[in-house]
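Contents: one structure, followed by commentary.
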Amino acid sequence: MTSKRQISDLSIFGGTPIINKQVHYGQLYFPNWHDTQKLFQGIFERRYFANHGPLVRELDKIIAEYLGVRHAVCVTNETIALMVAAKALDLRGEIIVPAFTYPSTVQAMNWSGLVPIFCDVDPYTHTLTAELISPLINEKTSAVLGVHTWGNPCDPENIQKLCQTNKIAIIYDASDAFGCNYKNIKIGNFGNVECFSFHSSKLINGIEGGCLTTNDDELAARIRTVRNFHVSESFSKVPLRINGKMSEAQAALVLLGLKNVENNLDHNRSIFETYQNHCEHIQGIKLIKPIVESANNYQNAVVEVVHDQTPLSRDQLLSIFEAEHVEVKRYFFPGVHNIVPYKPISPSHAYKLPVTDNLCNSCMQLPIGSQISIELALKISKTLDFIFKNSHKIVKKIEN
Ligand SMILES: *Cc1c(COP(=O)(O)O)cnc(C)c1O
């Protein structure tokens, strides 16, 4: 480690990177090989790989217990979970969605035959709010798809009231929010149904995997029916089914992730607090902090570049960190409204999503997860401090 004293010490200008080798931190957590091997051995001994084997059945139960929810139904990935949710609720017409999110959240709604209607987000929580959703509701609206972005609960009480009044459903994308809570109730208990991801970039890693949770017994039965294209049991009536079954291998990894979830969460919290303690005073950035009524899982450490406090752009910061071998990502860029097939056909057709547009150009995710040490988080924080203290000089040199 070389700490930066002058701007020529930055790697982008020829200095030594703060770490030797680029760490791809997209894998937030891996269980240890010994435990994994033991569970995989069981799968091979039983010769039972898919179709609701013992590990998937155990996992459905354990997740429901952990989240304090009546039903958890595991599936292949969260994109499928969202599609299963839409069919189990038999949604038609329009669904109100954020554009400041991951593409598959919205794509899953098109695959389900729905028309997504983009809604702007709150500048502080980065989530939809009842106030923003309300003007978009019309006779074609069948549901709202809220995202608990960065683990921030998506205005649960007000959206619940609004949707009840208008008799429309609520699906939550809880990809960022496994283990988070709102007023001491775990995420997983809100809306009609919540969908989680066990992709390796999430708190719990199933090397792909997902889950739906609900407190509605009838809906749970329909979800279980949609999950399985199979026809040999007596099933609830649903409009269309799919193969969404989780494999035993995925379930094994998710079970191990759950066993270690508290340690994993503690580690992420200490990384987050390191960023918080050492970056809070920096003029030009704002670390997105959990709202007070919630507990976060620290799956994300997201920083917003405050453009009227610094000449540095978010993308210049990405280049500076890339040269330092630190993977800092743009989240979410481009916004879903600016990718095919949603991209406006001409500037005059542009969506009116001012907060979303600003966030898409100013948010970046700092490394977090089991591959990041507190020492590295400290180096990253000090580098950020150095960069912002010298931002005018740096911008001048980059632009020359
Ligand atoms: C990761 C993610 C998804 C997709 O989850 P998969 O399991 O990869 O399909 C959906 N929404 C958000 C907000 C995500 O971050």
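Read the figures in this text as sums done on the coordinates, not as results from a lab. Because the structure is predicted, anything quoted here is derived from the model rather than measured. Note that we place each Cβ from the backbone using ideal geometry, even for glycine, and neighbour counts take in every protein chain shown.
Loop-only check: which GluC sites (Glu not before Pro) in segment 187-277 are DSSP coil with at most 11 other Cβ within 10 angstrom?
On the way: sites: E194, E208, E218, E233, E248, E262, E273; in loops: E208, E233.
In loop regions of segment 187-277 (DSSP not H, G, I, E or B), the sparsely surrounded GluC sites (Glu not before Pro) are E233.
State whether segment 190-233 is rounded, prolate or oblate according to the following rule on the C-alpha gyration tensor (a ≥ b ≥ c being the square roots of its eigenvalues): a/c under 1.5 gives rounded; otherwise a/b larger than b/c gives prolate, and the remaining case gives oblate. Walk me through the intermediate numbers first.
Numbers: a/c = 4.24, a/b = 1.44, b/c = 2.95.
Cα axes put segment 190-233 in the oblate bin.
Mind checking the full-extension length gain between L378 and E280? Use 0.36 nm per residue of separation minus the Cα-Cα distance, one decimal, nm.
On the way: separation 98, 0.36 × 98 = 35.28 nm, distance 1.28 nm.
Value of the extension gain: 34.0 nm.
Angle, helix 156-166 long axis vs. longest principal axis of the chain, Cα atoms, 0 to 90°, nearest 10?
Approximately 50 degrees, to the nearest ten.
Past 28 Å, Cα to Cα: identify those pairs from K21/K245; K161/K245; K38/K289; K87/K259; K286/K352, in the order given.
Details: K21/K245 38 Å; K161/K245 33 Å; K38/K289 39 Å; K87/K259 32 Å; K286/K352 24 Å.
The pairs that break the limit, which is 28 Å between Cα atoms, are K21/K245; K161/K245; K38/K289; K87/K259.
Between T127 and residues 5 or more places away or on another chain, which pairs have amide H atoms under 5 Å apart, with H built 1.01 Å from N, and which residues are they?
D122
Please list, in order along segment 112-123, the HN-Hα scalar couplings obtained from phi with the Karplus expression 6.51 cos²θ - 1.76 cosθ + 1.60 (θ = phi - 60°), rounded to whole Hz, x for Gly and Pro.
Result, rounded to whole Hz: 8, x, 9, 9, x, 10, 6, 10, 6, 10, 6, x.
In debye, nearest 20: dipole of the chain around its Cα centre with unit charges on the Cβ of K, R (+) and D, E (-)? Intermediate values should be presented prior to the final figure.
Numbers: 38 positive and 39 negative charges, 110 e Å.
Charge dipole of the chain: 520 debye, to the nearest 20.
Residue separation times 0.36 nm, minus the C-alpha to C-alpha distance between L136 and E157: what's the value?
Numbers: separation 21, 0.36 × 21 = 7.56 nm, distance 1.84 nm.
Gain on extension, L136 to E157, equals 5.7 nm.
So what is the relative contact order of segment 256-400, in percent, for Cα pairs below 8 Å that sit 6 or more residues apart? Write out the running numbers ahead of the final one.
Details: 154 pairs, mean separation 48.8, N = 145.
Once normalised by length, the contact order is 34 percent.
Determine the distance separating the Cα centre of segment 182-255 from the Cα centre of segment 50-124; give it in Å without decimals.
If we compute the Cα centre of each part, the gap is 8 Å.
Filter the GluC sites (Glu not before Pro) in segment 76-139 to those in DSSP coil with at most 14 other Cβ atoms within 10 Å of their Cβ, and list the result. Could you put the intermediate results ahead of the total?
Numbers: sites: E78, E94, E131, E139; in loops: E139.
Passing both the DSSP loop test and the Cβ count: E139.
On C-alpha positions alone, give me the angle between the axis of helix 217-227 and the longest principal axis of the chain, in degrees, nearest 10.
Roughly 80 degrees between the two axes.
Which FRET efficiency value, to the nearest 0.05, is calculated for D217 and D266 with the Förster distance at 35 angstrom and r the Cβ-Cβ distance? Please report the intermediate quantities before stating the final value.
Numbers: r = 35 Å, r/R0 = 0.99.
Calculated transfer efficiency: 0.50.
Please identify the trypsin sites (Lys or Arg not before Pro) of segment 1-62 that satisfy two criteria: DSSP loop assignment and at most 16 other Cβ atoms within 10 Å. Which are they? Write down the numbers at each step before the final one.
Values: sites: K4, R5, K21, K38, R46, R47, R57, K61; in loops: K4, R5, K21, R47.
Answer in residue order: R5, K21, R47.
Let me make sure I get this right: for segment 276-327, a, b and c are the square roots of the gyration tensor eigenvalues over alpha carbons, sorted descending. Under 1.5 in a/c it's rounded, otherwise prolate if a/b > b/c, else oblate. Which is it? Present the calculation step by step, with values, prior to reporting the outcome.
Details: a/c = 2.45, a/b = 1.51, b/c = 1.63.
Oblate is the answer for segment 276-327, as a/c is 1.5 or above yet b/c matches or exceeds a/b.
Pull out a ≥ b ≥ c, the square roots of the eigenvalues of the alpha-carbon gyration tensor of the chain, then state rounded if a/c is under 1.5, prolate if not and a/b is larger than b/c, and oblate in the remaining case. Write out the running numbers ahead of the final one.
Details: a/c = 2.16, a/b = 1.37, b/c = 1.58.
Since a/c reaches 1.5 but b/c is at least a/b, the shape of the chain is classed as oblate.
Within 10 Å of each residue's Cβ, count the other Cβ atoms and sort C279, C195 from fewest upward. Each step should come with its number before you reach the end.
Numbers: C279 21, C195 29.
Exposure proxy ranking, most exposed first: C279, C195.
Which net charge results when you count Lys and Arg as +1 and Asp and Glu as -1 among the other residues whose beta-carbon is under 11 Å from that of D122?
-3
Once the Cβ-Cβ distance between H349 and K21 is put in as r, and R0 is 51 Å, what FRET efficiency do you end up with, to the nearest 0.05? All intermediate terms of the calculation are to be shown ahead of the outcome.
On the way: r = 45 Å, r/R0 = 0.88.
FRET efficiency, H349 to K21: 0.70.
How high is the FRET efficiency from R5 to T36, r the C-beta distance, R0 45 Å, rounded to 0.05? Don't skip to the answer; put the middle values down first.
Details: r = 45 Å, r/R0 = 0.99.
For R5 and T36, the calculated efficiency is 0.50.
Grab the Cα-Cα distance for N361 and R47, subtract it from 0.36 nm times how many residues apart they are, and report the gain in nm with one decimal. Walk me through the numbers before you get to the answer.
Details: separation 314, 0.36 × 314 = 113.04 nm, distance 4.98 nm.
Using 0.36 nm per residue and subtracting the Cα-Cα distance, I get 108.1 nm.
Along segment 298-315, what does the Karplus equation 6.51 cos²θ - 1.76 cosθ + 1.60 (θ = phi - 60°) give for ³J(HN,Hα), rounded to whole Hz, x for Gly and Pro?
6, 6, 10, 10, 10, 10, 9, 7, 8, 5, 8, 10, 8, x, 6, 8, 4, 5
At E65 and H307, where each label point lies 7 Å from the Cα along Cα→Cβ, what is the point-to-point distance in nanometres?
A separation of 5.0 nm, rounded to one decimal place.
Hey, what did the chain get for relative contact order, percent, Cα under 8 Å, at least 6 apart? Walk me through the numbers before you get to the answer.
Working: 803 pairs, mean separation 90.4, N = 400.
23 percent.
Can you give me the relative contact order of segment 158-270 as a percent, contacts being Cα pairs under 8 Å and 6 or more apart?
On the way: 148 pairs, mean separation 21.1, N = 113.
This gives 19 percent for segment 158-270.
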